[in-house]
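Each value in this text was obtained by applying a stated rule to the coordinates, not by laboratory testing. Just so it is clear, the structure is predicted and the values come from calculations on it, not from any experiment. Glycine also receives a Cβ, built like all others from the backbone with ideal geometry; neighbour counts cover every protein chain displayed.
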Number of protein chains: 2
Amino acid sequence: MGSLDDGTGRPRIHKGLDDVYVKETRICLVDGVKGRLLYYGYDIRDLAKFSTFEETAYLLWHGRLPNREALAAFTAELAANRPIPKELVALLKDLPKNTAPIDAVRTAVSALGALDPDLNDPSRTANLRKALRLTAKIPTVVAAFHRIRNAQRVVKPNGKYPTATDYLRMLTGKKPDKRTARIMDVALILHADHSMNAGSFAATVAASTLPDLYSCIVAAIATLKGPLHGGANETAIKALLGIESPERAGEFVHDTLAAGNKVWGFGHRVYKTWDPRAIILRDVAKELSGRTGNEKLFAVARAVEEAGVAELGPKGIYPNVDYYAGVVYYLLGLAPDLFPATFAVARISGWVAQVLEYWEDNRIMRPLDYYVGPKEAVYVPLDQRT
Amino acid sequence: MGSLDDGTGRPRIHKGLDDVYVKETRICLVDGVKGRLLYYGYDIRDLAKFSTFEETAYLLWHGRLPNREALAAFTAELAANRPIPKELVALLKDLPKNTAPIDAVRTAVSALGALDPDLNDPSRTANLRKALRLTAKIPTVVAAFHRIRNAQRVVKPNGKYPTATDYLRMLTGKKPDKRTARIMDVALILHADHSMNAGSFAATVAASTLPDLYSCIVAAIATLKGPLHGGANETAIKALLGIESPERAGEFVHDTLAAGNKVWGFGHRVYKTWDPRAIILRDVAKELSGRTGNEKLFAVARAVEEAGVAELGPKGIYPNVDYYAGVVYYLLGLAPDLFPATFAVARISGWVAQVLEYWEDNRIMRPLDYYVGPKEAVYVPLDQRT
């Protein structure tokens, strides 16, 4: 039994599933003590330096780095699948303009399943084809919806460019310079997977009943949205933008904590030290801050980081990936409500990897809840109720 | 620690979360040993006999049976919220005609959030308003999509009728007789909640990151779809329809098990005896079999039940709710691919109850996975890979 009686006659309640292992994995190691993150054994710092999003997605799905031919084929297939069908553009146009981009992409993925000829083929090869289509199309969906809501012409994908470049191009209507595109690429690599985070766990719970892959991804996107998960980058940047100057950082942190609130972008269930992704993104944010001339935002972020770490570090609470991701996306010119959707552009690669791994040895996720309610209520007819 | 080392140096892996308690609850007790099911202490057999879907939904949300005024007000509010906006009808028309109804309702719920003025209000009262709108609109969405895919005129809801009556009316275009409507009502009551089933658990996982209520319901619908959960009623009826006569039942069960397959509609993680809902629905199926003159299907179902219980009963495997639900829906004239969506028409009430209860004391669901992959992979440049 996983839940032994603790002597009170009650089983142990694993609220939040802290410390509960739900599967074996070869995909991703989060070492929360040393502050290390590995995808299939590769250190995230090496991947951020040397790899690309395409190569990283290949690694997550196949367990090895591709050689030149395999990477070229994979990149070409992704590019070829980036266009979205006109039915989907029509659907995006039907959505209310105030729809959050993360909700639009969730709705689009939910609708896209029926357009996939492999939808009901549960084989691994068919699932990899579906995964490729999803990974290719999600950036197009986000960008198309963003253009539609702003009454701008939808920019079609261009198969010449890799994901990061084309995503920025489709969003803004102009091709980013090489370094800007590479910064987005690094952000995608850093967000590609993170073991059993809530979104990947939701995808796994959905997967465990054996629906199609699209259903699992829809569950993941729904879960990513929350500010305790992928919504944190948007919440964090909004807080930082509200701080007048670096000098106010200490006061902000103090007041936030005194009011019993969280400092958004701080803390993680697994990391009890620095999140290695936050360190990489801090360097990127610093660079962007110089390039864009928006030095204030970075200075504020840095000051809040220092004040926050001084207060919270002793409790094992440090900036996580969302803290500096928000700053980076903002300095790349993205609207804050695009941040969670941009997280999805990357994390689709990890969701797929986690679901396919779970399906290799599936078991339905059906926990228990502990009943503390009445056991013998007597049904009183309607007329006799007060 | 929830996962103690078992002496092998590995933590315990709670695959499928068997026997892991994830929350306390007052909503629903599934007594898998005695074969009892309670909603807030009320026996499901009493609710199926005396209650209505509206009253049961009220019970699940408020923890008590409504008095006459409260029930009248709740029923009226549900009826008033049943119409769906024209934007949503347009979206349903954009979906490919081959979209599974459960996928259509998932897409519609995903899109509906942005049309709800309370979307981002996390208060309990706002969530109850959202819950009411969702519960009211889901039957309309299922029926509208079904009519659209069959090139039939969409039937608008009629506020005079309760959910079960209006759902059948909107699907078929004609008002069902009283007894037929009551049978649908009983089916909705029986499907309203079932503690931490995979769909409600997925809703809870999504809820734990604090997105809006629509997001949680989308995750639940995605999870309900699988044949190991709400898709089982469709899978079960298709199997039964393929059996020529009651005399072939023994052979069917034998061959299915000999091939290492499941007998669909049999077995449950919690019930190790009869599912009380299956017994109620068996009686209903028998009645419908007489009324419709389709006696063969019921005779086949009964014969497979007997052969299945003879083989599997000693292992604690009995028919579950999906087994006879499929027969009942089929005899009510529903297309098999509407069965999972019809499950959602009822279960929305339970999903809401479970999410709102979890939000009273939220904690993000973030389990662990146990890493067994390589820890020191060396990044080899692309040109040096074979």
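Of note:
- Backbone N atoms of region B:204-218 closer than 16 Å to the 7 Å Cα→Cβ label point of A:N98 belong to residues B:212-214.
- Local electrostatic count, B:P83, Cβ distance below 10 Å [Lys/Arg +1, Asp/Glu -1]: +4
- Computed from backbone phi, the HN-Hα couplings of region B:8-19 come to 9, x, 10, x, 6, 9, 8, 4, x, 6, 3, 6 Hz, rounded to whole numbers (Karplus: 6.51 cos²θ - 1.76 cosθ + 1.60, θ = phi - 60°; Gly and Pro given as x).
- Computed from label points 7 Å out along Cα-Cβ, the spacing between A:T125 and A:K175 is 3.6 nm.
- Comparing mean-square fluctuations of A:Y42, A:Y318, A:Y330 from a GNM of chain A with C-alpha springs under 10 Å, the top value falls on A:Y42.
- Cross-link pairs exceeding 29 Å in C-alpha to C-alpha distance, out of B:K23/B:K272; A:K178/B:K375; B:K175/B:K296; A:K23/A:K286; A:K137/B:K156; A:K174/B:K93, comprise A:K178/B:K375; A:K23/A:K286; A:K137/B:K156; A:K174/B:K93.
- For region B:292-386, the Kirkwood estimate of hydrodynamic radius, built from reciprocal distances between every pair of different alpha carbons, is 19.1 Å.
- Phi-based couplings in Hz for region B:284-290 (Karplus 6.51, -1.76, 1.60; Gly and Pro marked x): 5, 4, 4, 4, 5, 4, x
- For B:G250, inter-copy label distances in nm, listed shortest first [label point 7 Å out on the Cα-Cβ vector]: 8.7
- Annotation: amide H of A:C28 within the under-5 Å range of A:Y40, sequence separation 5 or more or interchain, hydrogens built in the peptide plane.
- Residue-wise HN-Hα couplings along region B:169-185, as the Karplus relation 6.51 cos²θ - 1.76 cosθ + 1.60 with θ = phi - 60° gives them from phi, are 5, 5, 6, 9, x, 9, 5, x, 5, 4, 6, 4, 4, 5, 5, 4, 4 Hz; Gly and Pro carry x.
- Neighbour counts of other Cβ atoms within 10 Å put B:I27, A:I217, B:I13 in the fewest-to-most order B:I13, B:I27, A:I217.
- For B:I221, net neighbour charge (Lys/Arg +1, Asp/Glu -1) across residues whose Cβ lies under 14 Å away: +3
- Helix-only CD estimate at 222 nm, as mean residue ellipticity for chain A, using -39500 (n - 2.57) per DSSP H run (n ≥ 4): -17000 deg cm²/dmol
- Listed residue (B:L224, B:A144, A:F339) projecting farthest to the positive dipole end of the protein assembly as shown, Cβ model: B:A144
- Axis-nearest residue of B (beta carbon) for the B-onto-A rotation, whole Å: B:A219, 2
- Take every pair of alpha-carbon atoms less than 8 Å apart whose residues are at least six positions apart; their mean separation over the length of region B:88-158 yields a relative contact order of 37 percent.
- Ascending count of other beta-carbon atoms within 10 Å, so fewest first, for B:R12, B:R179: B:R179, B:R12
- Among B:E357, B:E376, B:E244: highest mean-square fluctuation, GNM of chain B, C-alpha pairs under 10 Å: B:E376
- Distance (nanometres) between label positions extended 7 Å along Cα→Cβ at A:K238 and B:V378: 4.8
- Across region A:232-331, Cα pairs under 8 Å and at least six residues apart give a relative contact order of 47 percent.
- For chain B: relative contact order, % (alpha-carbon pairs under 8 angstrom, 6 or more apart): 21
- The charge dipole of chain B, taken about its Cα centre with unit charges on the Cβ of Lys, Arg, Asp and Glu (plus for the first two, minus for the last two), comes to roughly 1080 debye.
- Rounded to the nearest 20, the Cβ-based charge dipole of the protein assembly as shown about its Cα centre (Lys and Arg +1, Asp and Glu -1) stands at 1900 debye.
- Label point 7 Å beyond Cα along the C-beta direction, distances from A:A151 to other copies (nm, shortest first): 3.9
- Relative exposure of A:M170, B:M184, judged by other C-beta atoms within 10 Å (fewest first): A:M170, B:M184
- The shape of chain B can be summarised by an equivalent ellipsoid whose semi-axes, obtained from the alpha carbon gyration tensor, come to 33, 29, 23 Å from longest to shortest.
- For A:G231, the residues whose amide H sits under 5 Å from its own are A:G226, ignoring neighbours fewer than 5 places away on the same chain, with H placed 1.01 Å from N.
- GNM top mover of B:N67, B:N127, B:N294 - chain B, alpha-carbon springs below 10 Å: B:N67
- Among the trypsin sites (Lys or Arg not before Pro) in region A:347-386, none is located in a DSSP loop while being surrounded by at most 10 other Cβ atoms within 10 Å of its own Cβ.
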